[in-house]
1. It is to be established whether one or more residues within segment 69-77 are closer than 23 Å to residue 170 by Cα and in contact with a strand residue (DSSP E or B) (Cβ under 8 Å, 6 or more places away or on another chain).
2. Among the residues of segment 335-376, write down those that are among the hydrophobic types (A, V, I, L, M, F, W, C), over 17 Å from residue 44 (Cα atoms) and surrounded by 20 or more Cβ atoms within 10 Å (Cβ to Cβ).
3. Return the only residue of 347, 381 being under 30 Å from residue 90 (Cβ atoms) and more than 13 Å from the chain's Cα centre (by Cα).
4. Quick one: in segment 358-378, which of the residues that are of a type in the set (A, V, I, L, M) and outside any strand (DSSP E or B) is farthest from the chain's Cα centre (by Cα)?
5. Out of everything in segment 20-38 that is at pLDDT 55 or above and among the aliphatic types (A, V, I, L, M), what residue ends up being most open to solvent (accessible area, probe 1.4 Å)?
6. Any residue in segment 342-357 that is in contact with a Pro (Cβ under 7 Å, 6 or more places away or on another chain), under 25 Å from residue 139 (Cβ atoms) and assigned to a loop (DSSP other than H, G, I, E, B)?
7. Considering only strands (runs of 3 or more DSSP E) fully contained in segment 69-147, which possess at least 1 residues that are touching a Ser or Thr at 6+ places or on another chain (Cβ under 7 Å) and either crowded, with 21+ Cβ neighbours inside 10 Å or free of Cβ contacts under 8 Å to residues at least 24 places away in the same chain (or both)?
8. Determine, yes or no, whether residue 197 is modelled with pLDDT of 95 or more and open to solvent by 10 Å² or more (accessible area, probe 1.4 Å).
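The values are calculated or read from the model by the stated rules, or taken from the named source; none is laboratory data. The structure displayed is predicted, hence computed values, not measured ones. Here the Cβ positions follow ideal geometry from the backbone for every residue, glycine too, while neighbour counts run over all protein chains shown. To get the accessible areas, we keep the full protein, side chains included, count just its heavy atoms, and leave off ligands, DNA and RNA. Shrake-Rupley method; radii C 1.70, N 1.55, O 1.52, S 1.80 Å.
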Amino acid sequence: MARVDSLRSFFAWPLMLAACSLQAEIQPEPLPVYETLPKQLPDSVLFAHDANFEALVAGRVVAIDLAKQSRRYLGAMDAAQFASFIQSTRKPELYVAETHYSRTTRGERTDVISIYDAESLKQDGEIILPGNKRGQVVSHRYTFRLVDNDRFLLVFNFTPAASVSVIDMDSREIVEEVQMPGCGLIYPTGKRGFSSFCSNGAMYSAQLDANGKLSEQQKLPPLFSVDEDPLFDKPVFHKGVAYFPSYKSLVQVVDLSAAKPKDLGSWSLLSEQELKDNWRPGGWQIATMDDAGHLYVLMHKDGKDGTHKSGGPEVWVYDVNTQKRLQKIVLKNWGVSIEVTRGKDPLLAVTNGDMQIDVYQANNGQWKTMVGGAAAMPLSLHALRK
């Protein structure tokens, strides 16, 4: 037996030497290798915010092209400790509000706005936020907004005192802090302002002057009952009008295009039979809006108190002008968060229960593909801002 093994080894040597000779001809790749994104990203690009609950210090924001057949993953940016993300339309920049500790998970805290170049995804600067008061909320887009043609960046603070820091992105300096006791989050309002819902259902609204200083503020009477039918705090916008789905399937409409918010009433997502079957919205990012003014809502049957974060098996699509449903999209997998891409032929991205991203053709609901492994927990999805 040993002689047979020796013969095999003897005859294998020429093949091994030939393989080594071929390997020697392969030239090593030059390192480092840098690639950049195009100045104008295609409408099919999505930013997936990976909250990464199992390692919060290693959260990130991943750029993905949903329309590509391969190499969909375009790049990523760090986003530590319940970060917030937004893309600028005024400059080729991406902003991440994040928190760091001197001993990784403990020690001295530093809140910072990290500024990334939109083409290289390299960090291009940072703005230190003093006071250790940045609101650390699970990947929520309305803790971090841009107003006034993206000149001013607004950061939600919570200690639990609530306020909004105003940053001039030309000078990269904090120019104002607006106090708003009992209210929370940031909904862009008018040319240079924001609104927030308060604990009793009232809406606080503020406007800034050309230098970013508080110029006026007001508080509207309660728009809804926080006890009988709360609103989800993640509205979607179309032409300056905000659409807030409620836990019990109403849509509260608020015009935020002018300095003073205007209550436009509410309408129901349900037919009489669907009301009896207790269909309700649910999930983390439960609604989105395409460029044509179509509202997409993630829905589930047999809803009850506590199912507002459960997700759902269907996405219902409405024309917000007629308040009529256009289609029902039955999902291949249970959905948790949804977003549609930009353009006339949008794609619907759905973060499923396994934390992968299912991609559908939005106009007919046809499942196209699944983007797997791009992020550990892509709860918040961001279409391009234009």
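1. Step one: list which residues in segment 69-77 are closer than 23 Å to residue 170 by Cα, which gives 77.
Pick out the ones that are also in contact with a strand residue (DSSP E or B) (Cβ under 8 Å, 6 or more places away or on another chain) and you get 77.
Within segment 69-77 (the criterion being closer than 23 Å to residue 170 by Cα and in contact with a strand residue (DSSP E or B) (Cβ under 8 Å, 6 or more places away or on another chain)), the answer is yes, since at least one residue qualifies.
2. So in segment 335-376, the residues among the hydrophobic types (A, V, I, L, M, F, W, C) come out as 336, 338, 340, 347-350, 355, 357, 359, 362, 367, 370-371, 374-376.
Next, only the ones that are over 17 Å from residue 44 (Cα atoms) stay: 336, 355, 375-376.
Within segment 335-376, 336, 375 qualify.
3. Working: 381 fails: more than 13 Å from the chain's Cα centre (by Cα).
One residue alone meets the criteria, 347.
4. Going through segment 358-378, the residues of a type in the set (A, V, I, L, M) turn out to be 359, 362, 370-371, 374-377.
Now restrict to residues that are outside any strand (DSSP E or B): 362, 374-377.
On the way: 362: 18, 374: 15, 375: 13, 376: 14, 377: 12 Å.
Here the answer is 362.
5. 31
6. Pass one, segment 342-357, residues in contact with a Pro (Cβ under 7 Å, 6 or more places away or on another chain): 351, 355, 357.
Of the ones still in play, those that are also under 25 Å from residue 139 (Cβ atoms) are 351, 355, 357.
Applying the additional criterion that residues be assigned to a loop (DSSP other than H, G, I, E, B) yields 355.
Yes: segment 342-357 contains one or more residues that are in contact with a Pro (Cβ under 7 Å, 6 or more places away or on another chain), under 25 Å from residue 139 (Cβ atoms) and assigned to a loop (DSSP other than H, G, I, E, B).
7. On the way: elements: 73-78, 84-87, 93-101, 109-117, 123-129, 144-147.
The qualifying strands (runs of 3 or more DSSP E) are 84-87, 93-101, 109-117, 123-129, 144-147.
8. Working: modelled with pLDDT of 95 or more: yes; open to solvent by 10 Å² or more (accessible area, probe 1.4 Å): yes.
When the stated conditions are applied, residue 197 passes them.
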